[in-house]
Amino acid sequence: MQIALARRAISPGSIDGAMGHQSRAALAAFQRSQSLLKSGDLDTNTRALLTLDAPIFTTYVITTNDLAGLQPLGKTWLDKSQQSSLAYETESELVGEKTHANPALIKKLNPGVNWNTPAPGTVLHVPDVSYPEPQDKAAYVMIHLGERYLEAFDVESNMIAHFPCSIAAKVEKRPIGELHVIVIAPHPNYTVNPELFPESEELQALGHKLILPPGPNNPVGIAWIGLDRPGYGMHGTPSPEQVGRTESHGCFRLANWDAEYLLKLSWIGMPVYVEP
């Protein structure tokens, strides 16, 4: 079910083979798009329409380039700012993000692999997931704060993507109403401003901004879509399994693969409607 939804750009979150809140929300979004009873349950009518046109699993071969690109993540902000890239730390993390899956599922599907020292040429059993290539830009985006999801629509108000998202921890930092896209940046760096992280003793002691290099473990992941409210945007995250389960400083945080797809759908001036 999760894979069938994901192939339609209706994300159940990190694919893990378990029926949780995000899977039910994705299923309900599919039901709504098909004019079915929006129950969030895989009932007979839903199952009849949620078809698969290819096997759910495929193979992935670990390459020397995969392993050469891995890099431990620094423990401090200063350490991270001095790295060449905020790259994947482990092969299971890399493969998980490429297949929209929880690394724990990747390991479960491949019990014979030594994940401490994976060998080049190792063939992995993985979910076969990719989003459909966009036919056009989205007309607008809607963010539902209460249910913690983001959806993109075409000019006829047909849903073309559904993604779980994290929202601001503090209610006063959750903007309501109409915003607009003003910046579209793939693979961005990230400026760490001590003023925005008063809880960080390290940054307060440092007393100046740091610039972190791009990479999937960058605080905004691999895509930044800036909005016309200073400091706000829709972006990726280094922790896709936590999307919708933890809260942000104010931005709308998506799994990297969802942020990357949303970037393809976005355009300067695109309306973003934020609802309670």
Practice item. Identify, from the list 92, 130, the residue that is closer than 28 Å to residue 22 by Cβ, small (Gly, Ala, Ser) and crowded, with 19+ Cβ neighbours inside 10 Å. Key: 92
Point to revise | Criterion: surrounded by 14 or more Cβ atoms within 10 Å (Cβ to Cβ), within 13 Å of the chain's Cα centre (by Cα) and at positive phi - qualifying residue of 215, 221 | key: 221
**Study point:** Residue that is farthest from residue 119 (Cα to Cα) [pool: residues in the stretch 78-103 that are among the hydrophobic types (A, V, I, L, M, F, W, C) and within 22 Å of the chain's Cα centre (by Cα)]
**Key:** 86
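With the requirement that a residue be at positive phi and either buried (at least 17 other Cβ atoms within 10 Å of the Cβ) or within 19 Å of the chain's Cα centre (by Cα) (or both), what does the stretch 158-198 give you? Can you show your working first?
Within the stretch 158-198, the subset at positive phi is 177, 187.
Correct list: 187 only.
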**Study point:** Lone qualifier among 14, 23, 39 - being in contact with a His (Cβ under 8 Å, 6 or more places away or on another chain), more than 15 Å from residue 151 (Cβ to Cβ) and surrounded by 13 or more Cβ atoms within 10 Å (Cβ to Cβ)
**Key:** 14
Check your understanding: Do any residues in the stretch 224-248 that are closer than 18 Å to residue 196 by Cα have Cβ atoms under 8 Å from those of residues that are at pLDDT below 90 and part of a strand (DSSP E or B), where the two are at least six apart or on different chains, and which pairs are they?
Key -> 247/168; 248/168
Practice item. Would you please list the contacts, defined by Cβ atoms under 7 Å and residues six or more apart or on different chains, that run from a residue in the stretch 254-270 that is under 10 Å from residue 181 (Cα atoms) to a residue that is among the small types (Gly, Ala, Ser) and surrounded by fewer than 24 Cβ atoms within 10 Å (Cβ to Cβ)? Key: 266/138; 270/138
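Conditions (1) in the same structural domain as residue 149 (by TED's automatic domain parsing); (2) among the aliphatic types (A, V, I, L, M); (3) under 23 Å from residue 13 (Cα atoms), marked per residue:
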| site | (1), (2), (3) |
| --- | --- |
| 180 | yes, no, no |
| 210 | no, yes, no |
| 228 | yes, no, no |
| 259 | yes, yes, yes |
| 262 | yes, yes, yes |
| 268 | yes, yes, no |
Check your understanding: Condition test on residue 104, is it out of contact with any Phe, Trp or Tyr (no Cβ under 7 Å at 6 or more places or on another chain) and either farther than 30 Å from residue 212 by Cα or at pLDDT 95 or above (or both)?
Key -> yes
Exercise for review: Could you give me the residue pairs with C-beta distances under 6 Å whose first residue belongs to the stretch 33-59 and is farther than 30 Å from residue 110 by Cβ, whose second residue is in a loop (DSSP other than H, G, I, E, B) wherever it lies, and which are 6+ apart or on separate chains?
Suggested key: 45/36; 46/36; 49/34
Practice item. Go through the stretch 59-89 residue by residue and tally those that are more than 30 Å from residue 206 (Cα to Cα) and either surrounded by 16 or more Cβ atoms within 10 Å (Cβ to Cβ) or not aliphatic (A, V, I, L, M) (or both). Key: 7
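The values are calculated or read from the model by the stated rules, or taken from the named source; none is laboratory data. In this text, all values refer to a predicted model and were calculated from it rather than measured experimentally. Heads up, the Cβs are rebuilt from the backbone with ideal geometry, glycines too, and the neighbour counts pull from every protein chain shown.
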